[in-house]
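Participant: Below you will find the structure I want to go over with you.
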Amino acid sequence: MPDPRRGAADVVVLDASVLTMDPELPHAAALAITGGRISHVGARNEVAGLIGPGTDVIEAGGRVACPGFVDIHTHTDLDLFRDPAHLLFKNYLMQGITTVLAGNCGMAEMAPGELLARLDARPPAVNFGTLAGHGYVRDACGIPAGLEELSDAQIEAMRGVLAKAMADGAFGMSTGLEYIPGLSSRTAELIACARVVAEHGGFYASHMRSEGDHLLAAVEEGIRIGRDSGARVQLSHLKTDGACNWWKTDAVIGAIEAARADGIDVAGDQYPYRFFGWNPSIFIPGEHLAAGRPTLVGTYLRDPARRRLIKDGIVDRITRYHGGDGELVVIFDWTDGAGQRWQGATLAAILTARGLTPEPEALAELILEMLPDERADAVMGSDLSTSDDAVRRYLSLPYLAVCTDGFNQPWLAPCHPRSYGAFPKVLGEYVRDKRALPLETALMKMTSLPASLMGLADRGVLRTGLRADVVLFDEATVGERATFGTPAAPSGIDFVLVNGVVVVDRRAGGDGFRLEGGSPRGGPGMVLRRPARDGRG
């Protein structure tokens, strides 16, 4: 019988290897959950005493139990309301992710306040927070995409929109400085905006201006923005892009660590893949892209001299970054002008099917052919970005959180597998198989670190009184199963709880997903707003 002074728990987990991420009690064998919070962490007999007639008892059988994974870099807001099933976040929950932060890379479809209010009315299945996208802020102020030199009035207007977003609960501001309109913004503009973020206790997250040729300068710009604004800096999906740039990895790490030693709060995130996601415009040199896609497609590509310059830039990138190998660049889904649909095909395969030789000039022409179809992510794909050595080097950094950089895209194919298996991939490939980092270090980078970077005091740690987001997995079998061609739930993630509600349970067979779509009450997740500086948020 349960202790009458404490009552029965709603859920208990017994015979687990509990890794709490709490330095005061790092290991335990069992835990109890009551009212959506952790009610006890300790020995088996202590927790077994909290079992009552209605308690859901999870016999862990030695599985690892840890805090629910916190994904600090997602794009889950971009397709959130296209289908009620997207509110289930199935491809996130199945890999153990219980908290997501959206609004990254400067992208957003609506104001943070509007987004969060819609979710208040119908909560998602995960805990959901958002950043304010710099692109949204610029657009809301009516600033032309290609405008670089802003007036004082325009910057003040941006600061006002951003202040409203922060007051409505945004965790900070994100930028996408390789994309329109971010690539036209100057550092002074970003510092002015980041000061607003700092004043509200948020952080500045940046998809930097370059991840390849100008990577070191881009990192230094991010550091400068942090230094001059006072905002914490989050370097997004840190990587070293292009074979010609792989040597820069150590220099990047050195610059970040020098800044941290100098008192500048710089951290980051990383997904554990050599391949990154792309759309055709990523191949276009920035000086041609800055004026916006309509100008690029409608004017520049119709000027033979300008088109030649653009094509030369694409050829240069393909040659230096990929050795001219079109097999390293994959299209997820594209229908060409002749009505032929290409799914999961490499650029080289498309050209070969057309009877063409896949050399750099032809590859560049194919990318230019795709460019007009880029709108609304109609053409996306992946290309080989970095080396496994760079993935390991960044993964070893204790201040870089694991992320997906993914989309809420239930079982969409073809796809980048990071949306389905980034976190299990770290646990299976880089912890168990490659022994690139210890298990507890990896879990820290998935739980307490990103929660701390977001300022979440009640998640990321299993401690009495905190929110009960919990993952149980099998060390021997956990791993990614998705491929670029076929989405799939990972292996070894056997139980997932969000605010004390069991959402994944492999005991029942099938895929173990317990939630159903269409519920007017919404899911068990919570809408998260940035904690106020005075602690009242």
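Participant: Using beta carbons and a limit of 6 Å, which pairs, at least six apart or on different chains, have the first residue in segment 225-240 and within 20 Å of HIS73 (Cα to Cα) and the second one open to solvent by 10 Å² or more (accessible area, probe 1.4 Å) and among the small types (Gly, Ala, Ser)?
Facilitator: Filtered contacts from segment 225-240: ALA231/ALA198.
Participant: Residue check: is GLY142 modelled with pLDDT of 95 or more, out of contact with any Cys (no Cβ under 7 Å at 6 or more places or on another chain), over 24 Å from GLY286 (Cβ atoms) and among the small types (Gly, Ala, Ser)? Write out each step before concluding.
Facilitator: Values: modelled with pLDDT of 95 or more: yes; out of contact with any Cys (no Cβ under 7 Å at 6 or more places or on another chain): yes; over 24 Å from GLY286 (Cβ atoms): no; among the small types (Gly, Ala, Ser): yes.
In short, no.
Participant: What residue, of ASP389, ASP494, is in contact with a helix residue (DSSP H, G or I) (Cβ under 6 Å, 6 or more places away or on another chain), open to solvent by 10 Å² or more (accessible area, probe 1.4 Å) and acidic (Asp, Glu)?
Facilitator: Values: ASP389 fails: in contact with a helix residue (DSSP H, G or I) (Cβ under 6 Å, 6 or more places away or on another chain).
Only one candidate qualifies: ASP494.
Participant: Looking at GLY129, GLY133, which one is buried (at least 24 other Cβ atoms within 10 Å of the Cβ), more than 23 Å from MET446 (Cα to Cα) and touching a strand residue (DSSP E or B) at 6+ places or on another chain (Cβ under 6 Å)? Walk me through it before giving the result.
Facilitator: Details: GLY129 fails: more than 23 Å from MET446 (Cα to Cα).
Of GLY129, GLY133, the one residue that is buried (at least 24 other Cβ atoms within 10 Å of the Cβ), more than 23 Å from MET446 (Cα to Cα) and touching a strand residue (DSSP E or B) at 6+ places or on another chain (Cβ under 6 Å) is GLY133.
Participant: Sticking with this one: Could you please find all residues in segment 80-114 being within 14 Å of THR130 (Cβ to Cβ), surrounded by fewer than 24 Cβ atoms within 10 Å (Cβ to Cβ) and touching a residue at least 24 places away in the same chain (Cβ under 8 Å)?
Facilitator: LEU80, PHE81, MET107, GLU109, MET110, ALA111, GLY113
Participant: Those residues that are closer than 30 Å to ASP383 by Cα, assigned to a loop (DSSP other than H, G, I, E, B) and in contact (Cβ under 8 Å) with a residue 60 or more places away in the chain, I need them from segment 476-502; list them, please. Write out each step before concluding.
Facilitator: First, pick out the residues of segment 476-502 that are closer than 30 Å to ASP383 by Cα: 477-493.
Okay, now just the ones that are also assigned to a loop (DSSP other than H, G, I, E, B), so 477-478, 480-490, 492.
Matches in segment 476-502: GLU480, ARG481, ALA482, THR483, PHE484, GLY485, THR486, PRO487, ALA488, ALA489, PRO490, GLY492.
Participant: It is to be established whether one or more residues within segment 453-474 are among the hydrophobic types (A, V, I, L, M, F, W, C) and in a helix (DSSP H, G or I). Before the answer, list the steps.
Facilitator: Just the residues of segment 453-474 that are among the hydrophobic types (A, V, I, L, M, F, W, C), to begin with: 453-454, 456-457, 461-462, 466, 468, 470-473.
Going one step further and asking which of them are in a helix (DSSP H, G or I), we end up with 453-454.
Yes: one or more hits.
Participant: Name the one entry in ALA482, ALA489, ALA476, ALA468 that is touching a helix residue (DSSP H, G or I) at 6+ places or on another chain (Cβ under 9 Å), at pLDDT 95 or above and hydrophobic (A, V, I, L, M, F, W, C). Don't jump to the end; show me each part of the working.
Facilitator: Values: ALA482 fails: at pLDDT 95 or above; ALA489 fails: at pLDDT 95 or above; ALA468 fails: touching a helix residue (DSSP H, G or I) at 6+ places or on another chain (Cβ under 9 Å).
None of the others qualify; the one that does is ALA476.
Participant: Next question. With respect to ALA65, is the statement that it is free of Cβ contacts under 8 Å to residues at least 24 places away in the same chain and either open to solvent by less than 40 Å² (accessible area, probe 1.4 Å) or assigned to a strand (DSSP E or B) (or both) true? Spell out how you get there, then give the answer.
Facilitator: Details: free of Cβ contacts under 8 Å to residues at least 24 places away in the same chain: no; either open to solvent by less than 40 Å² (accessible area, probe 1.4 Å) or assigned to a strand (DSSP E or B) (or both): yes.
Criteria not met by ALA65.
Participant: Just to be sure, is ALA167 open to solvent by less than 30 Å² (accessible area, probe 1.4 Å), closer than 22 Å to GLY142 by Cβ and at pLDDT 95 or above? Walk me through how you get there before you give the answer.
Facilitator: Numbers: open to solvent by less than 30 Å² (accessible area, probe 1.4 Å): no; closer than 22 Å to GLY142 by Cβ: yes; at pLDDT 95 or above: yes.
Criteria not met by ALA167.
The values are calculated or read from the model by the stated rules, or taken from the named source; none is laboratory data. Owing to the predicted nature of the structure, the values given are computational and were not obtained by experimental measurement. Because the Cβ atoms are built from the backbone with ideal geometry, glycine has one as well, and the counts that use them run over all protein chains shown. Surface areas here come from the heavy atoms of the whole protein model, side chains and all, with no ligands, DNA or RNA. Shrake-Rupley method; radii C 1.70, N 1.55, O 1.52, S 1.80 Å.
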